[in-house]
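Below is one structure, written out as structure tokens; the observations come after it.
Read the figures in this text as sums done on the coordinates, not as results from a lab. Just so we're clear, the structure is a prediction, and the values are computed from it rather than from any experiment. Quick reminder, even Gly has a Cβ in these numbers, built from the backbone with ideal geometry, and neighbours come from all protein chains shown.
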Amino acid sequence: MTHEEALGDLELAVLRCQNCRLGNIRRQAVFGEGNPEARLVFIGEGPGAEEDRQGRPFVGAAGQLLDKMLSAMGMHRFQQVYILNAVKCRPPNNRTPLPDEVEACRPHFDRQLAILDPAIVVLLGSTALKAVMGSEWRITRARGQWIEQDGRWWMPTYHPAALLRNPAWKRDVWLDLKRVIDKYRELVDPNHDTPHYPRP
Ligand code: URA
């Protein structure tokens, strides 16, 4: 089975999932999107209002910023990357997903990552970091440093929604994303280029 076929099967299960309370209040589950063969995956928190309406990840204000960040990296969401969320259904009033909601979604999330099998994963914000590494992790301490685990390279950084609230953090995030570009050139495509961060 190709990644695309396996993701398609998993998406059908996610779209009818009732593992937690969010299944009753969502408009639709948001599975994720991108290149099924991507070696680089971005993990967010969970759908907001616009994502819940469209059934696509990162299509609201934070998503527009994420697209700009990708563009600065010389990347596009349907080409070099795949984007998914730790939690597939919108929590009410955009609150942070509760730990039991993250646990309920974990089988989907683990399977999705296993199918994609990326070399590099960017963890966007605290929920994604805690979902993968454990509840004791802190984004302010972990950001910017590679975690090598389960055969992948994980880079925690701030969530784009946090950057909309704290634009001064963009500088740190660009440092983190440059490290991701370095790793992408090392592991995936030595010729990957972007005018914003030319190859040495
Ligand atoms: N924030 C997220 O974490 N995910 C989305 O899909 C949209 C906003």
Item to check | Likely footprinting exposure, Glu5, Glu45, Glu148, fewest C-beta neighbours within 10 Å first | outcome: Glu148, Glu5, Glu45
Checklist outcome for this item: Going from the fewest other Cβ atoms within 10 Å to the most, one would list Asp176, Asp117 as Asp117, Asp176
Item to check | Exposure proxy ranking, count of Cβ atoms within 10 Å, fewest first, for Lys88, Lys68, Lys183 | outcome: Lys68, Lys183, Lys88
Checklist outcome for this item: Of the DSSP H helices in the chain, the ones reaching 15 Å or more along their long axis in Cα terms and averaging at least 0.5 in Kyte-Doolittle hydropathy are 61-72
Checklist entry - Along the positive direction of the dipole of the range 3-187 (beta-carbon charges: Lys, Arg +1; Asp, Glu -1; about the Cα centre), which of His76, Ala131, Pro167 reaches farthest? => result Pro167
Item to check | Förster radius 30 Å - calculated FRET efficiency between Asp9 and Lys183, Cβ distance, rounded to 0.05 | outcome: 0.50
Item to check | Given charges at beta-carbon only (K, R positive; D, E negative), |dipole| of the chain in Debye | outcome: 740
Next on the checklist: With +1 assigned to the C-beta of every Lys and Arg and -1 to the C-beta of every Asp and Glu, and no other charges, what is the dipole magnitude of the range 57-118 about the Cα centre in debye, to the nearest 20?
Outcome noted: 200
Checklist outcome for this item: Distance in nm between Glu136 and Gln64 label points, each 7 Å along Cα→Cβ, equals 4.1
Checklist entry - Which shape class applies to the range 25-178: rounded if a/c is under 1.5, otherwise prolate when a/b exceeds b/c and oblate if not, where a ≥ b ≥ c are the square roots of the Cα gyration tensor eigenvalues? => result rounded
Checklist entry - Using only helices, what value at 222 nm comes out for the chain when you add -39,500 (n - 2.57) per DSSP H run of length 4 or more and divide by the total residues, to the nearest 500 deg cm²/dmol? => result -13000 deg cm²/dmol
Checklist outcome for this item: Simple SL model, points at 7 angstrom along Cα→Cβ for Arg199 and Gln145; separation in nm is 3.1
Checklist entry - Between Phe78 and Arg16, what length comes free when the chain is fully extended (0.36 nm per residue of separation minus the Cα-Cα distance, one decimal in nm)? => result 19.9 nm
Next on the checklist: Out of all DSSP beta bridges in the chain, what portion is antiparallel? Express it as a percent rounded to 5.
Outcome noted: 25
